[in-house]
Amino acid sequence: MSLLLTNIAELVTNDGDGAGGQPSGPGGFASISDAALVIDGGRVAWTGPASRAPAADQMTDCGGRAVLPGFVDSHAHLVFAGERSAEFAARMAGTPYRAGGIATTVAATRAATDEQLRANLGALRREMLAQGITTFECKSGYGLTVADERRSVALAAEATPEVTFLGAHVVPPEYAADQGGYLDLVCGPMLAACAAQARWVDVFCERGAFGPDEARAVLTAGAAAGLVPRVHANQLGAGPGVRLAVELGAASADHCTYLTDDDVAALAGGGTVATLLPGVEFSTRNPYPDARRLLDAGATVALATDCNPGSCFTSSMSLVVALAVREMRMTTEEALWAATAGGARALRRDDIGHLRPGARADLVLLNGPSHVYLAYRPGVPLVAAVWQAGELAAGRPPA
Ligand SMILES: [Zn+2]
């Protein structure tokens with residue numbers, strides 16, 4: 001059963017050639033005005049001007065609205081219990097954020113039943129989908145025992161193929177006096193228990209979490225177990241995380257808030273995506289990463305939510321796009337690209353993040369005539385309908 005979406009004011013395809021200062025192509029930002037799109041068999045079958053659209057079994061009139069690729073959220077922590085609104089309120093009242101707050105969520109997560117964790121994850125997943133996120137990555141990292149990490153990874157794998165083992169999130173309290181012992185646990189039995197259900201391995205490489213030698217040990221062990229590295233890097237200060245990520249061929253270096261010229265050059269010259277998470281800076285009142293510097297140097301930039309109960313509890317990619325445009329001097333095209341195609345690159349996926357024929361038909365219908373509305377109308381729920389693999393998954397299309 002094929003479906004024709006027509007009367008689309010702006011169809012963002014991300015099928016550009018990278019010309020004109022847009023994100024480097026092929027696959028750079030591109031859009032078609034007065035467009036139509038045909039879905040068949042869960043895939044994009046055709047895109048082009050509405051006046052030349054082929055016939056299809058069914059038709060939906062988009063009423064002069066914009067259609068975008070579904071958002072690809074390449075960084076989220078959704079397997080947890082409890083919440084930390086009191087910590088947020090204290091932080092807004094002047095208490096600086098420290099990574100140790102994670103221990104609060106670790107205790108709550110360990111105490112939760114599988115059903116409680118599954119229900120919380122499911123609620124966040126539906127919340128994301130309703131806001132246009134059609135693919136998300138999900139990390140473990142609030143269990144920090146072999147059994148609790150194994151179940152975190154297993155629960156994440158029920159919800160997404162993009163599962164990340166993050167046993168090296170923080171050293172749990174019971175290992176406070178034995179960081180080396182915890183590292184051995186992560187690289188040994190914990191990794192062995194988690195690797196089969198994960199695709200990625202991640203480490204929080206930061207002062208107060210794991211140093212460069214420890215991060216290297218975790219990522220190397222993960223790679224030996226068949227996982228691809230990604231790194232929490234340079235969030236709270238300059239450090240070795242970004243260069244380690246590039247050196248080890250990580251898919252992405254995430255945060256990138258404090259970068260030296262060497263870090264920027266490494267990202268621009270390597271295959272590692274710089275994933276920026278401005279919701280964190282918004283929620284911790286820290287300086288935003290310098291997206292302009294990365295883009296001007298030629299680095300590939302992705303935007304993601306980092307949805308987690310501590311440093312950034314948003315599931316809104318629209319907010320992230322608005323922050324990137326308003327606070328990080330990204331153009332609206334760059335920000336939209338980074339939240340879709342950029343996320344796909346950070347997950348090494350070529351079937352999502354764009355709407356070229358053959359792509360998975362993950363689409364967002366916006367209540368507005370162009371992608372610009374995401375930043376132009378911040379805080380407004382603009383996502384009218386969401387299709388996932390060609391099926392209506394949230395919202396409703398125009399009658
Ligand atoms: Zn994170």
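The values are calculated or read from the model by the stated rules, or taken from the named source; none is laboratory data. Remember, predicted model here, so these are calculated numbers, not experimental data. Please note: Cβ atoms are built from the backbone with ideal geometry, for glycine as well, and neighbour counts cover all protein chains shown. Protein only, heavy atoms only, side chains kept; ligands, DNA and RNA dropped before computing areas. Shrake-Rupley method; radii C 1.70, N 1.55, O 1.52, S 1.80 Å.
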- Item | Net lengthening on full extension, Leu392/Arg110 (0.36 nm per residue, minus Cα-Cα) | 98.0 nm
- Message: Can you tell me the length gained on complete extension of the stretch Thr95 to Ala297, counting 0.36 nm per residue apart and subtracting the Cα distance?
- Response: 69.2 nm
- Treating only the Cβ atoms of Lys and Arg (+1) and Asp and Glu (-1) as charged, compute the dipole magnitude of the stretch 139-220 about its Cα centre; round to the nearest 20 debye. 180 debye
- Query: Does the stretch 95-144 come out rounded, prolate or oblate, given a ≥ b ≥ c as the square roots of the eigenvalues of its C-alpha gyration tensor, rounded meaning a/c under 1.5 and, failing that, prolate meaning a/b above b/c?
  - Reply: oblate
- Message: Suppose every Lys and Arg Cβ carries +1 and every Asp and Glu Cβ carries -1, with no other charges. What dipole size does the stretch 74-139 come out with about its Cα centre, to the nearest 20 debye?
- Response: 120 debye
- Query: According to the square roots a ≥ b ≥ c of the eigenvalues of the Cα gyration tensor, what is the shape class of the stretch 53-109, taking rounded for a/c under 1.5, prolate for a/b larger than b/c otherwise, and oblate for the remainder?
  - Reply: prolate
- Protein accessible area in the stretch 27-175, 1.4 Å probe - carbon and sulfur %: 53 percent
- So, in nm, how far is label Glu127 from label Ser51 when the simple model puts each one 7 Å beyond its Cα toward the Cβ? 4.6 nm
- Whether the stretch 84-212 is rounded, prolate or oblate, judged on the alpha carbon gyration tensor where a/c under 1.5 counts as rounded: oblate
- Query: Could you work out the helix-only [θ] at 222 nm for the chain, with each DSSP H run of four or more residues adding -39,500 (n - 2.57) and the total divided by the number of residues, to the nearest 500 deg cm²/dmol?
  - Reply: -9000 deg cm²/dmol
- Message: If I stretch the segment between Glu83 and Ala192 completely, what's the gain in nm (0.36 nm per residue apart, minus their alpha carbon distance), one decimal?
- Response: 36.3 nm
- Taking Rh as the Kirkwood radius computed over alpha-carbon pairs of the chain and applying Stokes-Einstein at 4 °C with viscosity 1.567 mPa s, one gets a diffusion coefficient in µm² s⁻¹ of 61 µm²/s
- Message: Over the stretch 222-263, with the other protein chains present, what is the accessible area per residue in square angstrom, probe 1.4 angstrom?
- Response: 31 Å²
- Distance in nm between label sites at Thr260 and Ala176, each 7 Å beyond Cα in the beta-carbon direction? 3.2 nm
- In Å², rounded to a whole number, the accessible area per residue of the stretch 266-375 with probe 1.4 Å is 29 Å²
- Note to self: C-alpha centroids of the stretch 265-323 and the stretch 383-399 sit apart, in Å, by 27 Å
